[in-house]
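A short reminder: the numbers here are calculations on the coordinates, not readings from a lab. Computed from a predicted structure; not experimentally measured. Here the Cβ positions follow ideal geometry from the backbone for every residue, glycine too, while neighbour counts run over all protein chains shown.
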Protein chains: 4
Amino acid sequence: MSMNAFGHLFRVTTWGESHGPALGATVDGCPPGVPIDEAALQHWLDRRKPGQNKYTTQRREADAVRILSGVFEGQTTGTPVQLMIENTDQRSKDYGDIAEKFRPGHADITYWQKYGIRDYRGGGRSSARETAARVAAGGLARAAIGALAPQVQITGYMVQMGPHRIDRDRFDWDQINANPFWTPDAQAAEGWASYLDDLRKSGSSVGAVIEVVARGVPAGLGAPVYAKLDTDLAAAMMSINAVKGVEIGEGMAAAELTGEGNADEIFMGEDGPEYSSNHAGGILGGISTGQDIVARFAVKPTSSILTPRRTITKSGEPAEIVTKGRHDPCVGIRAVPVGEAMMACVILDHLLLHRGQIGGNRGRIG
Amino acid sequence: MSMNAFGHLFRVTTWGESHGPALGATVDGCPPGVPIDEAALQHWLDRRKPGQNKYTTQRREADAVRILSGVFEGQTTGTPVQLMIENTDQRSKDYGDIAEKFRPGHADITYWQKYGIRDYRGGGRSSARETAARVAAGGLARAAIGALAPQVQITGYMVQMGPHRIDRDRFDWDQINANPFWTPDAQAAEGWASYLDDLRKSGSSVGAVIEVVARGVPAGLGAPVYAKLDTDLAAAMMSINAVKGVEIGEGMAAAELTGEGNADEIFMGEDGPEYSSNHAGGILGGISTGQDIVARFAVKPTSSILTPRRTITKSGEPAEIVTKGRHDPCVGIRAVPVGEAMMACVILDHLLLHRGQIGGNRGRIG
Amino acid sequence: MSMNAFGHLFRVTTWGESHGPALGATVDGCPPGVPIDEAALQHWLDRRKPGQNKYTTQRREADAVRILSGVFEGQTTGTPVQLMIENTDQRSKDYGDIAEKFRPGHADITYWQKYGIRDYRGGGRSSARETAARVAAGGLARAAIGALAPQVQITGYMVQMGPHRIDRDRFDWDQINANPFWTPDAQAAEGWASYLDDLRKSGSSVGAVIEVVARGVPAGLGAPVYAKLDTDLAAAMMSINAVKGVEIGEGMAAAELTGEGNADEIFMGEDGPEYSSNHAGGILGGISTGQDIVARFAVKPTSSILTPRRTITKSGEPAEIVTKGRHDPCVGIRAVPVGEAMMACVILDHLLLHRGQIGGNRGRIG
Amino acid sequence: MSMNAFGHLFRVTTWGESHGPALGATVDGCPPGVPIDEAALQHWLDRRKPGQNKYTTQRREADAVRILSGVFEGQTTGTPVQLMIENTDQRSKDYGDIAEKFRPGHADITYWQKYGIRDYRGGGRSSARETAARVAAGGLARAAIGALAPQVQITGYMVQMGPHRIDRDRFDWDQINANPFWTPDAQAAEGWASYLDDLRKSGSSVGAVIEVVARGVPAGLGAPVYAKLDTDLAAAMMSINAVKGVEIGEGMAAAELTGEGNADEIFMGEDGPEYSSNHAGGILGGISTGQDIVARFAVKPTSSILTPRRTITKSGEPAEIVTKGRHDPCVGIRAVPVGEAMMACVILDHLLLHRGQIGGNRGRIG
């Protein structure tokens, strides 16, 4: 209950269901004076939009965002910004079977158990369509970051699809926008294309790992002990539909390191401290170091598949289920812009929190 | 700022530094009528206490917890419970060198950059000593869970030390309390003992992976979209010192699954739905299914090691640093009771949140 | 910043400006299973709607509310409820003069000083139009109260206009809906009609005092020390536009009482404790007693008047200002349904909070 | 539940009971680098300390405050500051009678109804002793304000005792510390002395009105719509024990004003806008104007009196009660430093919030 919001000062409440009239984000706490318009937000929404290629759901949504409040004469006013996206392609007839049966691996059953009432049309509130609202809010966050700390750059990309990982030696920032998987490894993209094509044809699905990097983030962001930068990133990423794991820097592999291997040694550079490596993912003690912030998350495969699975009905009868709707064979693809949006919201939030301190006495080195 | 608290209704604010007069937890939102006394809390603190064997820091702390408020005649009153632990063994002279140099891989440098003032004695607020307060609060959470949902059992254990993982086929709940590593695999414990002994003697350190399981949790806990049960667990675990990754159920490995492999099929059992497997880790759409809640986190190695590392001083000069204090070669060991405490706080919090709903119309199956 | 929301569990964020495309309320935390539709909400909005008689602004707004999310098949689902009201009559040309000058007694100047950008059209965010969103949210709160505690009745009415107070001996609940001032004193209503007519014709305005009573509220609501029922009511009422004072029970007059005079003596009734009087306004120590909850607030006169006032322009030049727009001579009239809405939101919020407790051990008397 | 904290960024959680081992305040969000020590806090606590003259309770408490965390080498570190006051004079035997009977006008009965368990010793958590913790936190807030905005001055004083009001024409700032009632009207103080002496001897009590003024507060503080400066002040003041009404500027009397009378006309002064009057109490639209912030609150009389009152016992039997403990005939006296403390906390909180904005584009006039 009352739990559809995130952020400390830049506070985003998303609302709306997959097949209701509209969905959106109520953004409270955007600073005044940020230049913004609907076209700037639409740019980010278009990256997430379904139906753009054969690897994403064929549902056709314009995903056109409208700004209903908080912006006047091209600038934010400091009052709440309401971002609304109307649902246009609501073929709810596709979902008839799901109204009575629970999809294994899906939130159908837990929503029912919790609320006793369930909007079965396309998953209702549990649908990944909710993430469109996050991307809209993330677009606003990017605009505000642009005003506060223009050197910050936030980029997400896919580093693993099913068992296939990218080769870090082939990492190329310029490739990310050049393939349908937002991956920096062009060669991996080719292999994934045929792999996913086969999966799609067989009605199956597969998971993925997404990495999101924020470059240019100043040192000092993050508020220990329970609003650490990595704590907030972990919550933000884990709250995305289908995410089952979150990593910062070395992530789970940090368990295998020794103290020597883990220590990013420190040197004095021209503009401040520099580091020999970035095992920490840019965060020490929950506070940014000035290095790249590196977060990763794993997305499980869609539970909506063509292969029959055993399940039960609402009345407890055994049943078999096959999901015929329009679904993504790899939801991880569309999770890339969502991960970016969450990173943007968290970074902005901590930029704002950080401004609350007494100035002038922050630690200087050298 | 103002960010040292976690929880929605069961709200815990920890306070205190490694070498100040005391540290503790202010717990706001504990229900009234929960039987509790200091001995019950001490039981859990003793599991985390340093200096119990050669694998943990030799600092000697009684870690005796006092209840200063909120309990009357052996029961909680519904008012804030103040749990205080006095620091007794504060050999701050050990830390002289650190006052001027930054330890690579440690929060020394970021605290300095953020606050411009730093309590260098033993890491100050960034010290893992803070987790003693969490364990005290977790003990209170366990007591309240005992009153609300007595069937719930929360157990943590180590599943990986450095590169060495347990064998799940040897998993034995009874072994967990029978070795210094809280591991359910007795054979692994033997191997780890000699491995860690070598590391300790060489002044090095190593990471670990901890798993925490909550059994008996009813279906329906968790509040989508940003207070999902897994979202809150991810934040709770990531907020623990030195944690770099968090997983629920399959975790990062979910990326490698297909939709068929990931689907926990559903059957009707005597007491409600049952599942063929638990890839989901007991959580679907952020809401508990009634299966075991399974969370895992990776702890990086301590950055306080004897091997010299290159660093800089506060004035920006290059330097070398060796940390001679009393440190844990594998902080993951003492993170086990801390992980349990965080799980207990999150489960209790969601039990309380869940009670806010309109009763009687929750979904029944069958 | 990020401060446009109120409530602990029933959390309402209002958004929107006087002359933007729309305004509304994002309600997070409404329990599932509450029967609701747009007509039920419209009933309450129509009470606040402008242009209904000569005593309120002649701006013509349909104030038609739409439910965009959180309701499925006539019931709330437990997910966020988005309530949107489109602005239709936006004669912003009326406001040209105000763009450069500050109205004395109005938020024009402080919004400018705070944000450096100001939506001057009709006051932008500081307009009392924002309260339409509160009334919509209050309607939803009433519906949820109806499901949780159907005996609760919430009624607001005017007890003072300018210097003229009602006579408590003539108090008649049935009169409240029978006059344009929502006052229980029919004779006062007659006098106020001619008094206000004169004021309106002269282009002046006047203040008022509103009382809101909640009957049937169970004992035990309220969460000391900083979420007391009276604390939350004080904040809720003071947040309404133009309110300058808030009272519970005896209010400011409590200062004049002696301990003997203030003590509401206690007797045992058939259904529990009864009281000889209600100086406390139904709240002791921040917790409801089971008596009527009685809150009062004073509304200052509109600052938009025809009499010229001295002021300055944005460039600091001295100026004179006359406000010609369409304004209420006594904004207190339309504040009545707003006060009711705030009472409903606070009562529901505390009903939900109260459910979080461990049941069965609450105090019984007798 | 979980409701013992206030503030957005400067967040104070008070804890402790009247007759427990200790009470205190956990302050999360104090900026780093604020010079502070125990003596500076003690100064403010001594103003509130009981037993200083015959007009306050004869309970003898040292009220010595200890700083347990968050301060290092004389400065705040940015981590939580724990302020503890040990209870020393706990004559709980005085309260035997109250364990079974409820005092009319006191929270005894509602705490019992809510929690079903009650610390009857001196009122437990509902005792005004809790306000000692507020004063300690307020002392810290004053120190932080001193670092952020040193021109701000916060002063409270009594303006009414029972039916007797001060004469504003005799207002003299220098008198406030020169009499036991903290009143700026020396002549009123004389009259009140004999009035209260009589009341005290007869075992009765009386209410009072306190005014708190903050001078030097910059324009622009306050965050509409639900964290307005006056909204937060109303909540802060109403949360103080025994308070029944809160006013800003004209307060309840604003109802009697016309638009012409209420308009504080604006002129251009040397340092910015100036006003012909301050009906607004320094706040327009919830945002500070730069004028004095003026808040007032009414305190009801203590319900602990010697005159017998009719009541019931926990078992519902009719009874009579006389309270023999050591009580203040006018609790309003000791509420003066408490009101100052709340004002200090709210002002600091909004100074911190205000810093989160994008700089450079705030409105300039002239």
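Across region C:277-287, in residue order, what do the Karplus-derived ³J(HN,Hα) couplings come to in whole Hz, using 6.51 cos²θ - 1.76 cosθ + 1.60 with θ = phi - 60° and x for Gly and Pro?
6, 9, 4, 6, x, x, 9, 10, x, x, 10
Rank by packing, highest mean first: peptides A:122-134, A:70-82, with packing defined as the count of other Cβ atoms within 10 Å averaged across residues.
A:122-134, A:70-82
Across 10 Å bins from 0, what is the distribution of all Cα-Cα pair distances for the protein assembly as shown, in whole percents?
Per 10 Å bin, starting at 0, the Cα pair percentages come out as 2, 9, 17, 22, 22, 16, 9, 3, 1, 0.
So which GluC sites (Glu not before Pro) in region B:260-348 pass both tests, a DSSP loop state and at most 10 other Cβ atoms within 10 Å of the Cβ?
B:E270
Separation between the B:D97 and B:R60 pseudo-spin-labels, each 7 Å from Cα along Cα→Cβ, expressed in nm?
Distance between the two pseudo-spin positions: 2.5 nm.
Counting only other chains, and only Cβ atoms inside 10 Å, what mean value do you get across the residues of C:199-208?
Taking all residues of C:199-208 together, the mean is 4.
Using the Karplus curve 6.51 cos²θ - 1.76 cosθ + 1.60 with θ = phi - 60°, work out ³J(HN,Hα) for each residue of region B:216-228 in order, rounded to whole Hz, and write x for Gly and Pro.
With coefficients 6.51, -1.76 and 1.60, one gets x, 6, x, 5, x, 7, x, 10, x, 10, 10, 10, 4 Hz.
Over region D:249-344, what is the mean sequence separation of C-alpha contacts under 8 Å (at least six apart), divided by residue count, expressed as relative contact order in percent?
17
State the residue of chain A whose Cβ is nearest the axis carrying A onto C, and the distance in whole angstrom.
Closest to the axis: A:T26, 2.
With 31 Å as the cut-off, how large is the P(r) tail for region B:5-358, expressed as percent of Cα-Cα pairs?
The proportion of pairs with Cα distances above 31 Å equals 36 percent.
D:P308 label points, 7 Å along Cα→Cβ, one per copy: pairwise distances from this copy to the rest in nm, shortest first?
Nearest first, the other copies' label points are 7.2, 8.4, 8.8 nm away.
With the cut-off at 20 Å, tell me which of the pairs D:K201/D:K244; C:K228/D:K114; B:K101/B:K324; A:K114/A:K324; B:K101/B:K201 have Cα atoms farther apart than that.
Distance filter (> 20 Å) returns D:K201/D:K244; A:K114/A:K324; B:K101/B:K201.
Could you check the simple spin-label distance between D:D46 and C:R310, using points 7 Å along Cα→Cβ, in nm with one decimal?
4.7
Placing a label point 7 Å from Cα toward Cβ, how far apart in nm is D:A99 from its equivalents in the other copies, listed shortest first to one decimal?
5.3, 6.3, 7.4
Given the DSSP H assignment, sum -39500 (n - 2.57) over each helix run of at least 4 residues in chain A and divide by its residue total; what's the result at 222 nm in deg cm²/dmol, nearest 500?
Rounded to the nearest 500, it is -8000 deg cm²/dmol.
Ignore the peptide's own chain and count Cβ atoms of other chains within 10 Å of each Cβ in D:289-302; give me the average, rounded.
The per-residue average across the peptide is 4.
Compute the separation of the alpha-carbon centres of region D:78-151 and region B:1-72 and state it in Å as a whole number.
When both Cα centres are located, 22 Å separates them.
Among rounded, prolate and oblate, which fits region D:56-182 when a ≥ b ≥ c are the square roots of the eigenvalues of its C-alpha gyration tensor, a/c under 1.5 means rounded, and a/b larger than b/c means prolate?
In terms of gyration-tensor shape, oblate.
In whole Å, how far is the Cα centre of region D:162-215 from that of region A:281-358?
Result: 62 Å between the Cα centres.
What does the convex hull of the alpha-carbon atoms of region B:205-252 project to on average, in nm²?
About 4.3 nm², averaged over all directions.
Beyond 22 Å, what share of the Cα-Cα pairs of region C:240-366 is found? Please give it as a whole percent.
Of all Cα-Cα distances in region C:240-366, 59 percent exceed 22 Å.
In percent, what relative contact order does chain D have, based on Cα pairs under 8 Å that are 6 or more apart in sequence?
Relative contact order here is 22 percent.
Taking the label point 7 Å from Cα in the Cβ direction, how far apart in nm is A:G74 from each other copy of itself, listed shortest first?
In nanometres, ordered from closest: 5.1, 5.3, 7.4.
Give the cross-link partners of C:K54 among the aspartates and glutamates, using a straight C-alpha distance below 19 Å as the criterion and excluding same-chain residues fewer than 8 apart.
C:D46, C:D63, C:D89, C:E190, C:D197, C:D198, C:D328
Taking the Cα centre as origin and putting +1 on Lys and Arg beta-carbons and -1 on Asp and Glu beta-carbons, what dipole magnitude results for chain D, to the nearest 20 debye?
Computed about the Cα centre, the dipole is about 1440 debye.
Sorted by average packing, counted as other Cβ atoms within 10 angstrom per residue and highest first, what order do D:31-41, A:247-257 take?
A:247-257, D:31-41
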